[in-house]
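The values are calculated or read from the model by the stated rules, or taken from the named source; none is laboratory data. For clarity, every value in this text was computed on a predicted model and none was experimentally measured. Glycine gets a Cβ as well: all are built from the backbone with ideal geometry, and neighbour counts include every protein chain shown. What goes into the accessible areas is simple: the full protein's heavy atoms, side chains included, and nothing from ligands, DNA or RNA. Shrake-Rupley method; radii C 1.70, N 1.55, O 1.52, S 1.80 Å.
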Amino acid sequence: MNAHAVKEYTKEDWKKLASDAETSVEGRLFINGEYCEAADGGKFEVINPSTNEVFALASEGTEKDIDRAVAAAKESYYSRTWLKMAPRKRMDIMYKFADLIDQHAAELALMETLNMGKPIGDCLSTDVPASATNIRFMAESIDKINGKVTNTHDKALHLSLREPLGVVGCISPWNYPLLMAVWKIAPALAAGNSVVLKPAEQSPHSCLKMAELFVEAGGPPGVFNVVNGYGEVAGKALALHPDVSKISFTGSTEVGKLILQYAGQSNMKKVGLECGGKTPQIFFADLPDMKRAVEAAYEGIYCNMGEMCNAGSRIFVEQSIYSDFVDQFIADGKDAYMPGDPLDPETNMGPLVTSEAQSRVLGYIESGKSQGAKLHFGGGVPSGMEAGCFVEPTLFSDVSNDMKIAKEEIFGPVASVIPFDNTEHVTQMANDTIYGLCASVWTSDVNRAHSMAKSIEAGIVYINCFDEGDMTLEFGGYKQSGNTKDSCFESVLSYTQSKSVWYSLR
Ligand code: NAD
């Protein structure tokens with residue numbers, strides 16, 4: 001059912017669908033165009049973080065299953081089942097694939113909510129349509145991946161060709177299970193590769209369904225395979241596999257560094273990394289609109305339960321507006337996000353992904369308190385919601401940039417407001433981090449906006465807004481936030497390699 005058809009659904013309707021899904025959801029691996037059990041027959045529990053109860057079992061892929069999936073992908077690549085199709089034909093299949101994602105919006109959205117706790121309304125309004133949009137954009141790019149004829153001397157002809165890489169391994173996180181996987185598989189497929197995807201163990205279901213829909217759309221078997229399993233087993237086997245030409249990873253910086261090692265230990269495969277962040281949002285006293293700025297500040301950290309790589313977790317505010325800003329944040333932001341049942345279409349904040357994540361975030365809150373930050377609201381588990389992995393939206397002010405809550409990626413709804421004196425002071429603090437994914441600068445001074453944009457070490461700098469953009473925005477980080485760009489034409493090219501063909505015309 002598409003998103004429009006379920007617009008009027010109530011919490012009770014979704015609960016009924018959720019209970020049906022428990023028995024019908026497909027959790028087996030998807031290899032060579034069909035579902036199959038893991039070679040060793042293993043299964044793992046996928047826990048619903050709203051209740052901490054088992055939602056479903058999923059097959060636990062191991063090295064043997066990665067071998068099978070890579071072999072299927074390799075066979076499909078070298079028999080050119082996908083590549084030999086005319087670009088227009090591949091585009092048609094990708095468009096149909098996107099249409100099928102739209103048509104199955106309700107089912108896919110429900111899987112996201114039951115796997116990782118995202119509010120059903122967010123899944124329907126953002127994750128699923130954004131996935132379909134991304135696939136359509138990548139489809140459009142298929143007949144625009146051009147090589148070139150270079151301007152060399154007249155006794156030679158030089159063709160620089162753009163070719164796919166072969167078998168691409170993708171490893172995705174749980175925070176946007178479908179969308180983050182699409183950011184990898186769609187450009188990789190558009191560029192003509194075959195793919196093996198290892199989704200996060202917390203959230204395998206929407207990725208499995210997606211592979212099924214690709215085949216339903218006409219994608220040849222073996223071109224898109226999904227192997228569920230644990231990172232240290234299935235993910236590691238994929239990243240070490242000698243027949244994988246590129247590994248595309250989104251997840252923590254810690255695991256990103258392991259992926260680089262695996263590439264070096266095996267076949268020097270190419271590595272694309274999208275990792276963690278500690279985004280500074282910088283508010284100068286001359287910001288154009290305090291209310292809008294404060295709204296961007298709390299939305300930037302509480303949206304998706306704060307489980308965003310680009311979460312605006314460090315809120316730098318110039319001294320002269322500091323106390324007004326904090327007051328307005330409390331007035332507008334305290335009740336803006338209310339933890340609730342993510343199956344209720346009215347809910348805008350679900351649980352964190354697991355009880356471990358909940359304990360980790362509560363630990364950060366304790367460290368904020370013990371290091372002397374001022375707690376204004378939140379800080380605990382919402383009352384009556386102890387069965388799930390909920391954490392209240394939390395606001396700390398008087399944070400200093402060297403406190404643990406300002407240094408480390410919390411990946412939860414914890415906002416830290418940090419005062420600053422002047423441009424030099426805030427630039428130094430904003431850049432004093434291992435991360436460099438995003439930043440924002442709020443000011444009415446265009447000169448300052450421009451010089452700040454140049455001096456901030458981040459892959460994306462927003463001016464007087466936050467987390468906006470479209471498919472022309474190249475998403476990716478500087479420093480230890482990663483080394484690649486997703487969700488743009490540049491990303492399609494990152495799944496290709498160039499070959500020079502030099503004709504002597506003497
Ligand atoms: P994670 O690093 O724990 O896991 C990510 C994926 O890697 C999962 O599929 C996991 O199974 C796999 N994995 C874990 N250990 C592995 C290993 N040894 N070998 C191979 N694969 C392994 O991250 P997570 O908790 O799923 O996601 C949260 C992190 O992702 C945060 O740091 C967040 O900032 C980052 N993230 C970044 C972006 C971005 O675009 N930069 C987007 C979303 C999330």
With the condition kept exactly as written, say whether any residue in the range 13-25 is part of a loop (DSSP other than H, G, I, E, B), touching a residue at least 12 places away in the same chain (Cβ under 8 Å), under 30 Å from Asp67 (Cβ atoms) and of a type outside the set (Asp, Glu). yes
Within the range 2-11, the count of residues that are open to solvent by 60 Å² or more (accessible area, probe 1.4 Å), more than 17 Å from Lys118 (Cα to Cα) and part of a helix (DSSP H, G or I) comes to 1
Out of all the residues in the range 160-171, is one or more farther than 21 Å from Met471 by Cα, of a type in the set (A, V, I, L, M), surrounded by fewer than 24 Cβ atoms within 10 Å (Cβ to Cβ) and in the same structural domain as Phe249 (by TED's automatic domain parsing)? yes
In this structure, is Tyr298 touching a helix residue (DSSP H, G or I) at 6+ places or on another chain (Cβ under 7 Å), within 8 Å of the ligand (Cβ to nearest atom) and outside any loop (DSSP other than H, G, I, E, B)? no
Which count do you get for residues in the range 33-58 that are in contact with a Gly (Cβ under 6 Å, 6 or more places away or on another chain) and over 30 Å from Val391 (Cα atoms)? 1
Of residues in the range 34-57 being in contact with a Phe, Trp or Tyr (Cβ under 9 Å, 6 or more places away or on another chain) and in contact (Cβ under 8 Å) with a residue 60 or more places away in the chain, the one most open to solvent (accessible area, probe 1.4 Å): Ile47
If I go through the range 168-187 residue by residue, how many of them are touching a helix residue (DSSP H, G or I) at 6+ places or on another chain (Cβ under 7 Å), of a type in the set (Val, Ile, Thr) and either away from the ligand (no atom under 16 Å from the Cβ) or not in a strand (DSSP E or B) (or both)? 1
Would you point out which residue out of Ala190, Ala211 is touching a strand residue (DSSP E or B) at 6+ places or on another chain (Cβ under 7 Å), more than 8 Å from the ligand (Cβ to nearest atom) and more than 22 Å from Thr354 (Cβ to Cβ)? Ala211
Among the strands (runs of 3 or more DSSP E) lying completely within the range 346-458, list those that include at least 1 residues that are open to solvent by 20 Å² or more (accessible area, probe 1.4 Å). 374-377, 414-420
